[in-house]
Amino acid sequence: MHPCTPCAAAVWGAGDAPSPPGRGRVRRAPSVAPETVGRGGGTARGASAGRPVTAYATLTVDVEKIAANARAVVGTLVGIEVVAVTKCTCGAPEVGRALLAGGAVALGESRHENAERLRGAGIEAPLWLLRAPAPERAAETVHLFEVSLASELETCTALDAAAAALGRRHQILVMVDLGDLREGLMPGDLPAFVDAVEALEHVELAGVGVNLTCYGAIMPDERNMTELVELARATEARVGRRLAVGGGNSGSIGMIASGRMPAGVTTLRVGETILHGVDTLTREPVAGLHTDVFEVGAPVIECKVKPSLPRGEVAQDAYGNRPTFEDRGARRRAILALGRQDVMPEWLTPLDEGVEILGASSDHLIVDVEAMPAAPRLGQALRFRPSYAATVQLSTSPYVHKVFTPPA
Ligand SMILES: Cc1ncc(COP(=O)(O)O)c(C=O)c1O
């Protein structure tokens, strides 16, 4: 059975053991970092009882597993070029290098700042800009990216002028909206758009693409993928050359792996399935892929036995909600140095036995630890598996340390 075949339920869920925290090196958080970040916080093994301790919330990224996942996905997508998407990690160069080592032909980013980080680290592979720029960012776009996704002529004209000024050519993948209702031209508008882009000297129409599942949660299927290929074929006839056909993102892997994808798709832009090892249509693990690439640890800053019901009159919590509580009697609970400013607690899964997330305010994650085999000590790191959405947030938070295992 193909490793990425979504119907391979029997072989799915072959989960991996959690990564040991504290391997690798600490990198300063991507943007503004507090004074303390970079002092070598991260996680480390506690001196007593072998418990991990940490001074700071720390996101651990296993880049060897990313390279292995990339290799497996690229191996699955025979004849298709994979543009691997780094935006979940804010363009971490360690991750970019692992994706390229795993066989990606280019990296995809949605933010110029992340592309700058990749370029600044010496990555020379082609970069694709996945979110169309505002026309005012055309020069930056041409400077940083070889390819950008496009659906507005005004932006293409700005890219053309910027490319002329820089003495470069810039490629675009024109996006069509096939139902997900995010970016893209309505299909009927494609021919006129193509004619206008063809008239530009420094912008080259490289292909036709679609994005699905991100906003409207629309699945790729035989109908919309056939429509895409037909639109691309009609565009090729119009411009008189072969074009790339961008068949979407991780959500399209299953169709290809199971042989249901109509012939003609040449490229996929893949983020989550490589980085998190899941099928994005179901969030089920994909057999053969690591699902434990990312782990976040946060230190205990308070641990006490308290009643499970708040005392006093209930108003609103820090986020404007009126919370409800179940009376479970007195229980041991811990507060961790991680909060909604860093990550939504709903998107974390505890990895330590007997830990249950109760909730969080901006800076405090509150967990029930009554069922832990031993009460956690102050500074002990409790560990969680973040979802893709949680990883985006954690990567973005300057308060969360990042630890990358050595590149493969
Ligand atoms: C245009 C575009 N293509 C591809 C991707 C990658 O999506 P996924 O992570 O589901 O593979 C994204 C989102 O990151 C995107 O916005």
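We did not get these values from a lab; they are worked out from the coordinates using the rules stated. These numbers were taken from a predicted model, which means no experiment stands behind them. Virtual Cβ from ideal backbone geometry, glycine too; neighbours counted across all protein chains shown.
Quick check: is even one residue across the stretch 188-205 out of contact with any His (no Cβ under 8 Å at 6 or more places or on another chain), more than 15 Å from the ligand (Cβ to nearest atom), closer than 22 Å to M261 by Cα and in contact (Cβ under 8 Å) with a residue 24 or more places away in the chain? Give the derivation first.
Narrowing the stretch 188-205 to residues out of contact with any His (no Cβ under 8 Å at 6 or more places or on another chain): 188-201, 205.
With the extra rule that they be more than 15 Å from the ligand (Cβ to nearest atom), the set shrinks to 188-201, 205.
Narrowing further to those that are closer than 22 Å to M261 by Cα: none.
No, because not a single residue in the stretch 188-205 is out of contact with any His (no Cβ under 8 Å at 6 or more places or on another chain), more than 15 Å from the ligand (Cβ to nearest atom), closer than 22 Å to M261 by Cα and in contact (Cβ under 8 Å) with a residue 24 or more places away in the chain.
Answer yes if at least one residue in the stretch 382-397 is in a loop (DSSP other than H, G, I, E, B), under 30 Å from E109 (Cα atoms) and either within 25 Å of the chain's Cα centre (by Cα) or not β-branched (V, I, T) (or both), and no otherwise. So far as the stretch 382-397 goes, yes, one or more of its residues are in a loop (DSSP other than H, G, I, E, B), under 30 Å from E109 (Cα atoms) and either within 25 Å of the chain's Cα centre (by Cα) or not β-branched (V, I, T) (or both). Just checking, does the stretch 48-59 include any residue being polar (S, T, N, Q), within 16 Å of the ligand (Cβ to nearest atom) and either out of contact with any strand residue (DSSP E or B) (no Cβ under 7 Å at 6 or more places or on another chain) or under 24 Å from L336 (Cβ atoms) (or both)? Checked against the condition, which is being polar (S, T, N, Q), within 16 Å of the ligand (Cβ to nearest atom) and either out of contact with any strand residue (DSSP E or B) (no Cβ under 7 Å at 6 or more places or on another chain) or under 24 Å from L336 (Cβ atoms) (or both), the stretch 48-59 yields no hits at all.
When you check E146 against the structure, is it over 23 Å from L190 (Cα atoms) and either out of contact with any Lys or Arg (no Cβ under 8 Å at 6 or more places or on another chain) or buried (at least 23 other Cβ atoms within 10 Å of the Cβ) (or both), yes or no? Criteria not met by E146.
Apart from one condition, A192 fits all of (1) more than 20 Å from L231 (Cβ to Cβ); (2) among the hydrophobic types (A, V, I, L, M, F, W, C); (3) in a helix (DSSP H, G or I); the exception is (1).
Exactly one residue out of G108, G96 is within 12 Å of the ligand (Cβ to nearest atom) and crowded, with 24+ Cβ neighbours inside 10 Å: that is G108. Being within 16 Å of the ligand (Cβ to nearest atom), assigned to a loop (DSSP other than H, G, I, E, B), of a type in the set (G, A, S) and touching a strand residue (DSSP E or B) at 6+ places or on another chain (Cβ under 7 Å) is a description that does not apply to G216. Applying the criterion of at least 3 residues that are without any contact (Cβ under 8 Å) to a residue 40 or more places away in the chain and either over 29 Å from the mean Cα position of the chain (by Cα) or within 14 Å of the ligand (Cβ to nearest atom) (or both) to the strands (runs of 3 or more DSSP E) found wholly in the stretch 256-336 leaves 294-307, 330-336. Output the number of residues of the stretch 111-143 satisfying the condition of being buried (at least 19 other Cβ atoms within 10 Å of the Cβ), within 16 Å of the ligand (Cβ to nearest atom) and among the basic types (K, R). Final tally of qualifying residues: 0.
Collect the residues in the stretch 219-240 that are within 13 Å of the ligand (Cβ to nearest atom) and among the hydrophobic types (A, V, I, L, M, F, W, C), keeping them in residue-number order.
Residue satisfying the conditions is M219 alone.
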